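Here the structure comes first, spelled out in structure tokens, and everything after it is commentary.
Every read-out reported here was derived from the displayed coordinates using simple, explicitly stated rules and does not represent laboratory data. Quick caveat: nothing in here was measured; it's all calculated off a predicted structure. Virtual Cβ from ideal backbone geometry, glycine too; neighbours counted across all protein chains shown.
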Amino acid sequence: MRITPFDDKETERATYPDVRLAAPLGLPELRKIEQILHLYHSKWDTQVRDVNVLFEQPLVLPLREWQKLCNIAEQLAAETIALESIILGERSGALSSLGVPAGAREVLGSDTQSRSVVNVRRTRNMRFDFHPIKSGWCVSEVNSDVPGGWSESTFFPLLYKPYYNDLDCPPLPLQAWGDAVQALAPSGKVILMSAPGYLEDEQVVRTFVTELQRRRIPNRMIKTPAALHWSDHHGCTLSTGERVSVIVRFYQIEWLLALPERTGWRALLQTSALPVINPTISVLSESKRFPLAFYESRNCPTWKSHMPECRDPREVDQADWDHWVLKACYSNTGDRTYLCGSLTKKEKQRVIREAQRNPLMWIAQKRFETRPVRSCRGLLYPCVGVFVVNGRAAGAYVRLSVGQVTDGSAFEAPLLIDSRSLK
């Protein structure tokens, strides 16, 4: 199979994706949507440092462009799952090279976890972050451990749609998520676990709870794996004796590993007795060093043609750092992501030195230029996070940044689809 490598160099004819913003909503309409999100959809973080991040303009894609993104995302998901199984078979050496924490390496190296890889009840949720560039779309990373954005990608389009009659909503990720969980939970309770003290995680889990309640599926929220009791005869139960049928783990693996052993995190990560969403193996592709594995693979053509070049920090020429981005192996919402060419000399030296001292904790990714879109607030840089639930694309979480890095201060907007060209 011929693989076209990622290439974003200047060409005679650029093939920019067709991306635009719709006309802005008025302030009263925007405030009404914000109020509904606060009251009914557990979306509370619409203010970041006194700035309203709920954006007044939806991002619009033609249907053909959206279908193209969905196809790419589904191919990426299939390649990711296949490669994870290959990496797991190679055991400790491959896991270490990806920067996987020691506790997770121990769990993944067990026979029990190896059996769970082929567990037919395993459900996977992923979000692939796409950026429009001059050669089409590139993907910067996959969020495969605890991807966020479920409420935004589901309710934003539904709430904005009445103001844009000529545009359509994409598939709703929360609907796909609910279908997947319902298929796994014919009896017993669905347990939803998140770390205490994090509003962003709390609101995601409460969004999941609302969806389960709508489907009349019994559920309960917990804040620690110590609330789960494991036995050979009864599987997993709560302290009340109620049987657990599914665990939704919205608790990052690297955070779980920092808990005391007595909390039982090892039993949770190692179990093959019941479905856990997402399973422990997701820690492999969650690592920002995951691209190093698919470069060595004979497969993964979609990854290779849509992701910028990635290298171990030790392999970057000292004089070439301005063309690279440094990312911590396990980072969130743009934290510990550095565009080296945009840093001061002192800051750049500090970050590069840290990455080269602890190379397995970092990855260097070749810098690419996201094509901006014109908005009522000036030029913004879109990131379209396409969800894939059990292998099928399902909606997108859209963020609009004032710079090239998509971080926690980015605006949030709905994705709407323009189907008129196909009618």
Choose one of C236, L27, L95: the residue whose Cα lies farthest towards the positive end of the charge dipole of the chain (beta-carbon charges +1 Lys, Arg; -1 Asp, Glu; about the Cα centre). C236
Quick one: what are the phi-derived ³J(HN,Hα) couplings along the stretch 264-276, Karplus 6.51/-1.76/1.60 with θ = phi - 60°, whole Hz, x for glycine and proline? x, 5, 5, 5, 5, 6, 9, 5, 10, 7, 8, x, 10
If the chain between D232 and L39 were fully stretched, how many nm would it gain, using 0.36 nm times the residue separation less the Cα-Cα distance? 65.2 nm
Cα-Cα separations in the stretch 55-114 greater than 19 Å, expressed as whole percent: 52
Dipole moment magnitude, nearest 20 debye, the chain about Cα centre, only Lys, Arg, Asp, Glu C-beta charged: 340
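For Y160, what charge total do you get from the other residues with a beta carbon under 12 Å from its beta carbon, if Lys and Arg give +1 and Asp and Glu give -1?
For residues surrounding Y160, the net value is -4.
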State, to one decimal in nm, how far the label point of S342 lies from the label point of T263, with both points 7 Å from Cα in the Cβ direction. 3.3
Ordered by residue, what ³J(HN,Hα) values in Hz, to whole numbers, does the stretch 126-137 give under the Karplus form 6.51 cos²θ - 1.76 cosθ + 1.60, where θ = phi - 60° and Gly and Pro are x? 9, 9, 9, 8, 9, 9, x, 10, 5, 9, x, 10
For the chain, with +1 on Lys and Arg beta carbons and -1 on Asp and Glu, the positive-most of A78, V384, V60 along the dipole: A78
Interchain or long-range residues, amide H under 5 Å from V48's placed H: V53
Quick one: net charge of G385's neighbours, Cβ under 11 Å, K/R +1, D/E -1? -2
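Order these peptides, 198-205, 363-370, by their mean beta-carbon neighbour count within 10 angstrom, highest first. Could the numbers behind the result be given before it?
On the way: 198-205: 18.0, 363-370: 19.6.
My ranking of the peptides, most packed first, is 363-370, 198-205.
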Under 5 Å, built H, 5+ apart or other chain: amide partners of A394: F387, V388, V389
Tell me, in nm to one decimal, what length is gained between V51 and S409 on full extension, where the rule is 0.36 nm per residue of separation less the Cα-Cα distance? 128.0 nm
Going toward the positive end of the dipole of the chain, with +1 on Lys and Arg Cβ and -1 on Asp and Glu Cβ, which of I36, V351, N332 do you reach last? I36
Quick one: grab Rg to one decimal and Dmax as a whole number for the stretch 293-398, Cα atoms only, in Å. 16.1, 46
Distance cut-off 12 Å, percentage of C-alpha pairs in the stretch 309-363 lying past it: 62
Using the Kirkwood radius over Cα pairs, work out the Stokes-Einstein diffusion coefficient for the chain at 25 °C and 0.890 mPa s, in µm²/s as a whole number. 110
Figure the gain on full extension for Q67 and D322 (residue separation times 0.36 nm, minus the Cα-Cα span) and round it to one decimal in nm. 88.3 nm
If the cut-off is 23 Å between C-alpha atoms, which lysines fall inside it for K366, apart from same-chain ones fewer than 8 positions away? K9, K134, K288, K304, K327, K345, K346, K348
With +1 on each Lys and Arg Cβ and -1 on each Asp and Glu Cβ, how big is the dipole of the stretch 309-363 about its Cα centre, in debye rounded to the nearest 20? 300
What base-10 log of the normalised intensity I(q)/I(0) is obtained for the stretch 187-337 from the Debye formula, alpha carbons as equal point scatterers, at q = 0.10, 0.12, 0.20 Å⁻¹? -0.49, -0.66, -1.23
So what is the relative contact order of the stretch 309-363, in percent, for Cα pairs below 8 Å that sit 6 or more residues apart? 48
Sorted peptide list for 386-393, 257-264, criterion being average Cβ within 10 angstrom, highest first: 386-393, 257-264
Quick check: net charge around S285, other residues with Cβ under 12 Å of its Cβ, Lys/Arg +1 and Asp/Glu -1? -1
Could you tell me how far the Cα centroid of the stretch 301-350 sits from the Cα centroid of the stretch 23-58, in Å? 33
For the stretch 107-220, Kirkwood radius (reciprocal of mean inverse C-alpha pair distance, Å): 16.8
